[in-house]
Amino acid sequence: MAEFTKPVEDLGTKASEYVDLRIAELKLGAIKGLSLTLSKLLYMLLVLFVVSIILISIAFGGVMWIGEMIGSYAGGAAIVGGFFLIVLGVLFLLRKKLFRDTFVPLLVNLFFEEEDKNTGHEVQ
């Protein structure tokens, strides 16, 4: 009788192993996607930090230069501040096109349409 039930027991064991392997695969995929996203986020924050320092230096230089030209550092600061307000307004008006339409597809592709770099085929 044990010989008759052995295939059913093996099937149950194999199904359990398959489910465990699928869960492990999903965990690894999530960790990979999360780590890629986190590394890109940290990279972007580093770039943003460096660009901010550069912009502050250029703005300070612009304030000094314009201030000397017009004879008032306060006027130079107002002109540079006005320039940055205009840039902020343009960024605000283009926020959907620049940010949502760019980053949402990027993140969707990162998580759902990964390609194997060795073969170029889509990973299932």
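The values are calculated or read from the model by the stated rules, or taken from the named source; none is laboratory data. Worth saying up front: this structure is predicted, and the values here are computed from it rather than measured. Methodologically, a virtual Cβ is constructed for each residue, glycine included, from the backbone with ideal geometry; neighbour enumeration extends over all protein chains shown.
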- [ ] Find all pairs meeting these conditions: Cβ atoms under 6 angstrom apart; at least six residues apart or on different chains; first residue within region 52-67 and free of Cβ contacts under 8 Å to residues at least 24 places away in the same chain; second residue in a helix (DSSP H, G or I).
- [x] Gly62/Val80; Val63/Gly76; Val63/Ala77; Val63/Val80; Ile66/Gly76; Ile66/Ile79; Gly67/Tyr73; Gly67/Gly76
Task: Candidate set from region 52-69 (those that are more than 28 Å from the chain's Cα centre (by Cα) and not aliphatic (A, V, I, L, M)); member that is farthest from Val80 (Cα to Cα) - done: Glu68
TODO: Identify, from the list Gly75, Gly33, the residue that is closer than 30 Å to Leu107 by Cβ and either surrounded by 10 or more Cβ atoms within 10 Å (Cβ to Cβ) or at pLDDT 95 or above (or both).
DONE: Gly33
TODO: Within region 54-72, work out how many residues are of a type in the set (A, V, I, L, M) and exposed (fewer than 11 other Cβ atoms within 10 Å of the Cβ).
DONE: 2
Task: Sole residue being modelled with pLDDT of 70 or more and closer than 15 Å to Gly29 by Cβ, chosen from Val87, Val108 - done: Val108
Open item on the list: Checking the conditions here, which among Val51, Val47, Val8 is out of contact with any Pro (no Cβ under 7 Å at 6 or more places or on another chain) and exposed (fewer than 10 other Cβ atoms within 10 Å of the Cβ)?
Closed with: Val8
Open item on the list: Please determine whether any residue of region 53-71 is at pLDDT below 95 and polar (S, T, N, Q).
Closed with: no
- [ ] Kindly establish whether Gly89 is in contact (Cβ under 8 Å) with a residue 24 or more places away in the chain, in a helix (DSSP H, G or I), under 30 Å from Val108 (Cβ atoms) and out of contact with any Cys (no Cβ under 7 Å at 6 or more places or on another chain).
- [x] no
